[in-house]
1. Please report how far the C-alpha centroid of the stretch 226-249 lies from that of the stretch 98-130, rounded to the nearest whole angstrom.
2. Out of the GluC sites (Glu not before Pro) in the stretch 178-209, which ones are loop residues according to DSSP with at most 11 other C-beta atoms within 10 Å?
3. Tell me whether the stretch 18-79 comes out rounded, prolate or oblate; compute the Cα gyration tensor, take square roots of the eigenvalues as a ≥ b ≥ c, and use a/c under 1.5 as the rounded threshold.
4. Could you tell me which of the pairs Lys28/Lys208; Lys95/Lys243; Lys40/Lys147; Lys171/Lys243; Lys172/Lys214 are separated by over 26 angstrom between their Cα atoms in the structure shown?
5. What's the angle, to the nearest 10 degrees (0 to 90), between helix 61-75's Cα axis and the longest principal axis of the chain?
6. What Rg and what Dmax come out for the chain when only alpha-carbon atoms are used, in angstroms?
7. How much of the accessible area of the chain, probe 1.4 Å, is carbon plus sulfur, in whole percent?
8. Could you compute the longest span of the chain free of trypsin sites (Lys or Arg not before Pro) located in DSSP loops and having at most 15 other Cβ atoms within 10 Å, not counting the site residues?
Amino acid sequence: QRSASRQLGSIEGEGLDRAQYAAEQMLKTDAHRWINYVAKLGRDAVITEALDSATRAAGEPRMLNETVRGRLQALVPDRGGIGIEYLVALDGKGKVVARVGEKEGDFGDSLAGAEIVADGLRGYMSDDVWVQGDRLLRVAAAPVLAKTRDRIVGVVFVAAETSRRLTEVWKKNLGVDVAIVLRNDVVTSTIGEGSLGSLPQEIDGRRKEIEAAKRTRAFTLPLGNDQLLAVAAPFTGQAAELKATYVLL
């Protein structure tokens, strides 16, 4: 009986290993998708011209804000439906020209210190995973080039919700349950956050293994009178610094 149980556990562990590899590939695909999406927005003629004017201080800031905000709203009419929390357009100095979503009325502040914005101002497309409250956001940014293609006149970046949406998509596509642990809490799970109370402690006890191997070996997790087999791995970027981890069960 014990031998059969060990064999079954080994088979289940191999299945989780394959699912974890597939999850990593899906994260990479998701990052590329959002980078391509925001790069397309940055090639829009109206946005390009407005950010160029903002960079050269050639227009009234409030008018430019209204122009860019209206254009982004027109280009992304189903923002909530595709999971976008907010969009931000910045000039060539990293100052906010317009926002859509959160803080829509705010502009003029500088985000030049954010790594993805700094990358964009140097001409690179990049992505990251940010933590805001108890949410994880996939962020992607792309530079905006002048009409003459010889100058960077701004950056556009998108922040997309990647907590609950991610767990639902992964459960459907990978055929396993998924939980996300942030700091010491289960912030979302396809099993139900309340039933995984010991998971943050289990993850914390494997932190060195996660940092070294970028994942854990399969481990057992008590669930009522039963036990689940689980594999954990970290998110990247800023989220990794805040110990954001996904768990496949």
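1. 27 Å
2. Numbers: sites: Glu193, Glu202, Glu209; in loops: none.
Sites meeting the loop and neighbour criteria: none at all.
3. Details: a/c = 4.09, a/b = 2.84, b/c = 1.44.
Judged from the Cα gyration tensor, the stretch 18-79 comes out prolate (a/c at least 1.5, a/b above b/c).
4. Values: Lys28/Lys208 24 Å; Lys95/Lys243 30 Å; Lys40/Lys147 14 Å; Lys171/Lys243 22 Å; Lys172/Lys214 24 Å.
Going by Cα-Cα distance, Lys95/Lys243 fall outside the 26 Å limit.
5. Between helix and principal axis, roughly 50 degrees.
6. 21.2, 78
7. Numbers: 6160 of 12620 Å².
Ligands and nucleic acids excluded, carbon and sulfur give 49 percent.
8. Working: sites that count: Arg43, Arg56, Lys93, Lys103, Arg122, Lys147, Arg149, Arg151, Arg183, Lys214, Arg217.
The reported range is 1-42.
The values are calculated or read from the model by the stated rules, or taken from the named source; none is laboratory data. Please read all numbers here as calculations on a predicted model, not as lab measurements. Here the Cβ is made from the backbone with ideal geometry for all residues, glycine too, and neighbour counts use every protein chain on show. Note: areas computed on protein heavy atoms with side chains; ligands, DNA, RNA excluded. Shrake-Rupley method; radii C 1.70, N 1.55, O 1.52, S 1.80 Å.
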